[in-house]
Amino acid sequence: MTSDSTIVHLSDLHLSAPSPSFHPKRALAYLSWRLRRRSHFDREAFAALPEDIRGLNPSGAVITGDLTQLGLPSEYEQVADWLPQLGDSSRISLVPGNHDVTRAEPPARTLALWDQWIGPPGGPAGQQFPSVREIGDDLVLVGLSSARPSLPTLAVGTLGSAQLESLKEVLDVAGAAGRFRIVFLHHPPCEGDVGWRKRLTDAEQLRCVLNSHGTELVLHGHAHRPLFGSLVAAGRSVPVIGAPSASESNAVKGRRPRYNAYRIARVAAGWELDVSVRAWNARERAFEVDETRRLSVSSPENLRAAN
Ligand SMILES: [Fe+2]
């Protein structure tokens, strides 16, 4: 990256069609898909999505989970067949969501099928997350998996102490290199964005690590609505942005397929971040800019100098 770069952020695609399951958690999820989710999946918008993304010529892409409905191995295959439309896998990084891990499955039949889109592991051998994907000279995508099987009716997530421990070193290394660190996960890390049933159980521990070791931007999904918040990282406020579903049309809830694009530029005081929310216009049969925001993130060096 020279002066600026664009990263696109997709979430909660739910793009696969599952087969019926008698596993208690999956049976409920299957019913939910048959009765509700299936009718909200906007096929036309979803078909137009890859071309709209390619039109932005992004430097990289982040997908914050829930690509499937039930996390069946056959759904992992469907997703793996679709992902190449987004471009070179070396510039894409994804993490799973709660729908992708509804019960323990052999990794060879599930997450291993997405290996090239997950990105290189940044922790010790045998630990897939945090993933670390460098984009150009200035950006690094740090992926965290909050996807764990949970009881029926729950959609909680957990990172776990091993992943959080590895995250500390990943953030320190990228921070020392002066990179813009984008930490992304499925579940929102800020309190109140989703209910107790859908929460990240160790959100407080994650916020603690981010505050101690620093980051420049946190991205998530799960809530199916656009969210803009902040948290404290290395003594400064950094943006926390939730992307809505890239495939859901729901007139009752006022939802249409959306995704975010971030233009990130290095400036004298740190970083400038231009957020563009792109939404599907069913009448025009095209994505359009729905909202824009300019945010700034001061660099830790500038913060220290100011103090
Ligand atoms: Fe989710």
**Asked** Are any of the residues in segment 148-166 in a strand (DSSP E or B) and crowded, with 16+ Cβ neighbours inside 10 Å?
**Response** yes
The residue that is nearest to ARG133 (Cα to Cα), considering only those in segment 176-190 that are open to solvent by less than 10 Å² (accessible area, probe 1.4 Å) and either in contact (Cβ under 8 Å) with a residue 60 or more places away in the chain or within 16 Å of the ligand (Cβ to nearest atom) (or both), is ILE182
Taking segment 216-233 and the residues there that are within 17 Å of ARG263 (Cα to Cα), more than 16 Å from the ligand (Cβ to nearest atom) and open to solvent by less than 40 Å² (accessible area, probe 1.4 Å), the one that is nearest to the chain's Cα centre (by Cα) would be VAL218
> With respect to ARG285, is the statement that it is charged (D, E, K, R), more than 21 Å from ALA177 (Cβ to Cβ) and within 20 Å of the chain's Cα centre (by Cα) true?
Replying inline: no
Here the residues within segment 70-100 that are open to solvent by 10 Å² or more (accessible area, probe 1.4 Å), over 12 Å from ALA147 (Cβ atoms) and in contact with a Ser or Thr (Cβ under 8 Å, 6 or more places away or on another chain) are LEU72, PRO73, SER74, GLN78, ARG91
**Asked** Does segment 72-82 contain any residue that is touching a Leu at 6+ places or on another chain (Cβ under 8 Å), among the aromatic types (Phe, Trp, Tyr), modelled with pLDDT of 95 or more and closer than 19 Å to ARG258 by Cβ?
**Response** yes
Quick count over segment 245-272, residues being aromatic (Phe, Trp, Tyr) and closer than 20 Å to ARG285 by Cα, is 1
Of the conditions (1) within 15 Å of the ligand (Cβ to nearest atom); (2) open to solvent by 50 Å² or more (accessible area, probe 1.4 Å), the single one that ALA251 does not satisfy is (1)
Of ARG283, ARG293, ARG278, the only residue that is open to solvent by 50 Å² or more (accessible area, probe 1.4 Å), at pLDDT 95 or above, within 27 Å of PHE46 (Cβ to Cβ) and part of a strand (DSSP E or B) is ARG293
**OP:** Inspect all residues belonging to segment 119-130 and state whether any of them is part of a helix (DSSP H, G or I) and surrounded by 17 or more Cβ atoms within 10 Å (Cβ to Cβ).
**Re:** no
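The values are calculated or read from the model by the stated rules, or taken from the named source; none is laboratory data. Note that the coordinates shown come from a computational prediction; the quantities given were computed from them, not determined experimentally. Note that we place each Cβ from the backbone using ideal geometry, even for glycine, and neighbour counts take in every protein chain shown. Heads up: the accessible areas ignore ligands, DNA and RNA and are worked out on the full protein's heavy atoms, side chains in. Shrake-Rupley method; radii C 1.70, N 1.55, O 1.52, S 1.80 Å.
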